[in-house]
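Notes to accompany the following structure.
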Amino acid sequence: MVQLIMKTFMIRFGVILFGLLISPAIGIDLGPFFTAPGHSWLAVAEAADSSFTQADRDRMIRLEVKIEEGLKAVNQKIDDGLKAVNQRLDDNIKAINQKIDDGLKVTNQRIDDNVKAINQKFEYLIGLMYVVLSVTMSGMLAIVGFILWDRRTTLAPVVRTTKELEARVEKAEKLELAIRAKAEKDPELKEALRHAGLL
């Protein structure tokens with residue numbers, strides 16, 4: 001790009017320098033050309049000294065045509081070069097954008113894979129927590145069930161013995177009432193009960 005700009009500058013500078021060097025040789029004053037915009041080589045040639053012959057004027061016209069054609073060719077080359085440079089820049093920018101897009105896709109894919117792996121680990125940990133919680137709750141329920149079963153089996157003989165004792169006490173109370181009633185009628189029995197401390 002820099003070489004193309006330098007080449008263009010050198011070509012234009014050469015054309016201008018050639019015009020400046022050749023103008024005094026053919027007797028043309030370029031002062032009005034540079035100070036008054038819109039003048040052409042032909043106008044400068046007509047404004048020049050009238051000592052020019054028709055052949056000199058024709059030569060000047062041919063020179064002007066050649067210079068204009070040269071400038072057009074140089075401008076065309078510059079335009080073509082700039083188009084080529086622009087095309088190369090566009091291609092390079094597209095290639096860089098494609099590389100960036102590909103890099104971003106790879107990075108996004110890696111991030112997605114890492115997020116999936118982390119989610120799977122969390123799901124595994126949550127499942128493990130459910131298992132541990134289930135085992136703990138099952139163990140606690142088993143302990144509570146064992147305690148209730150053990151209490152029931154331990155208390156069942158006591159309850160049975162207590163009921164038996166209550167039945168015996170009830171029978172003994174009835175027997176005592178019967179004996180006391182009998183002792184009221186039988187003095188020997190009454191004396192024996194007093195001696196035993198039951199009356």
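Total residues in the range 58-75 satisfying the condition of being surrounded by 12 or more Cβ atoms within 10 Å (Cβ to Cβ) and under 15 Å from residue 16 (Cα atoms): the figure is 9.
Being among the aliphatic types (A, V, I, L, M), at pLDDT 90 or above, assigned to a helix (DSSP H, G or I) and out of contact with any Leu (no Cβ under 8 Å at 6 or more places or on another chain) is true for just one of 104, 42, 82. Which residue is that?
Values: 42 fails: at pLDDT 90 or above; 82 fails: out of contact with any Leu (no Cβ under 8 Å at 6 or more places or on another chain).
Result: 104 is the single residue among 104, 42, 82 that is among the aliphatic types (A, V, I, L, M), at pLDDT 90 or above, assigned to a helix (DSSP H, G or I) and out of contact with any Leu (no Cβ under 8 Å at 6 or more places or on another chain).
Restrict the check to the range 189-198 and report whether at least one residue is in contact with a helix residue (DSSP H, G or I) (Cβ under 9 Å, 6 or more places away or on another chain), in contact (Cβ under 8 Å) with a residue 12 or more places away in the chain and not in a helix (DSSP H, G or I). The answer is yes; a qualifying residue exists.
The values are calculated or read from the model by the stated rules, or taken from the named source; none is laboratory data. All of these numbers come straight from a predicted model, not from anything done at the bench. A quick note on method: Cβ atoms are made from the backbone with ideal geometry, for glycine too, and the neighbour counts reach across all protein chains shown.
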